[in-house]
Amino acid sequence: MMMQNPTREEIGQILKKSKTIAVVGLSDNPERTSYMVSKAMQDAGYEIIPVNPKADYILGKKAVKTLKEIEGHVDIVNVFRRSEFLMDVAQEFVQIDADVFWAQLGLQDEATYEFLKEKGYTVIMDRCIKVEHALTR
């Protein structure tokens, strides 16, 4: 199966209907890309849930150690972990039944893509959520 992201129009629809974004690998360092992107999405009105086992609070929100600790529904799981960790995140992702698995710019893994698509999930890889949000507003 070839990896294929939704169209830009479809991505725009996903972003318009989504409210909650769990960010795996969100750094508490304001100079890191994960922090800057997540802050921009928070400023745009999304609820950000930091997923980082080494942090207590990020962007004023209580951080959780794993996706399984999140209470309530998650629309998008946005991943800032190296590509070799995407499958680990995907296996936890299916346990919480979020809607969209989103691997940030530069991140992709064919096996993870196929694993999630076979289960019927929407998968976006190698795209920056902040850029896509700006392009589809």
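Any read-out appearing in this document is the output of simple, stated calculations on the displayed coordinates, not a laboratory observation. Given the structure is predicted, the values throughout are model-derived calculations rather than measurements. For neighbour counting, all protein chains shown are included, and Cβ atoms are generated from backbone atoms with ideal geometry for every residue, glycine included.
Taken about its Cα centre, segment 97-137 carries a charge dipole of about 260 debye when Lys and Arg each add +1 at the Cβ and Asp and Glu each add -1 at the Cβ.
Please state the relative contact order of segment 1-136 as a whole percent: Cα pairs under 8 Å, 6+ residues apart?
Value for segment 1-136: 26 percent.
Relative to one another, the C-alpha centroids of segment 19-38 and segment 48-112 are positioned 10 Å apart. In this structure the amide hydrogen of residue 122, modeled in the peptide plane, comes within under 5 Å of the amide hydrogens of 101, none closer than 5 places in sequence on its chain. Sequence-ordered 3J(HN,Hα) estimates for segment 70-87 from the Karplus curve with 6.51, -1.76 and 1.60 and θ = phi - 60° stand at 6, 9, x, 7, 10, 7, 10, 9, 9, 10, 10, 10, 4, 3, 5, 9, 4, 5 Hz, glycine and proline given as x.
Rounded to the nearest whole Hz, the Karplus-based 3J(HN,Hα) values (6.51 cos²θ - 1.76 cosθ + 1.60, θ = phi - 60°) of segment 20-32 follow the sequence 10, 10, 8, 10, 7, x, 5, 7, 8, 8, x, 8, 7, with x at glycine and proline.
A crude spin-label estimate for the pair residue 71 and residue 28, with each label 7 Å from Cα along the Cβ direction, gives 2.2 nm. Dipole of the chain (Lys/Arg Cβ +1, Asp/Glu Cβ -1, origin at the Cα centre): which of 33, 102, 4 lies farthest to the positive side? The Cα lying farthest towards the positive end belongs to 33.
Between residue 10 and residue 81, the simple label model (points 7 Å from Cα in the Cβ direction) yields a spacing of 2.5 nm. For the residue pairs 19/130; 19/39; 54/117; 68/117; 39/68; 17/54, the alpha carbons lie more than 26 Å apart in 54/117; 17/54.
Note that segment 102-110 has calculated 3J(HN,Hα) couplings of 10, 9, 4, 3, x, 10, 7, 8, 4 Hz, one per residue in order, obtained from phi through the Karplus relation 6.51 cos²θ - 1.76 cosθ + 1.60 (θ = phi - 60°); glycine and proline are x. The modelled label-to-label distance between residue 92 and residue 118, using points 7 Å beyond Cα along the C-beta direction, is 2.2 nm. Rounded to the nearest 20, the size of the Cβ-charge dipole of segment 5-137 about its Cα centre is 400 debye, with Lys and Arg at +1 and Asp and Glu at -1. Here segment 37-51 is scanned for amide nitrogen atoms under 18 Å from the site 7 Å beyond the Cα of residue 135 along Cα-to-Cβ, giving 37-38, 41. Once backbone amide H atoms are built at 1.01 Å from N, residue 128 has 105 as its partners under 5 Å, excluding neighbours fewer than 5 places away on the same chain.
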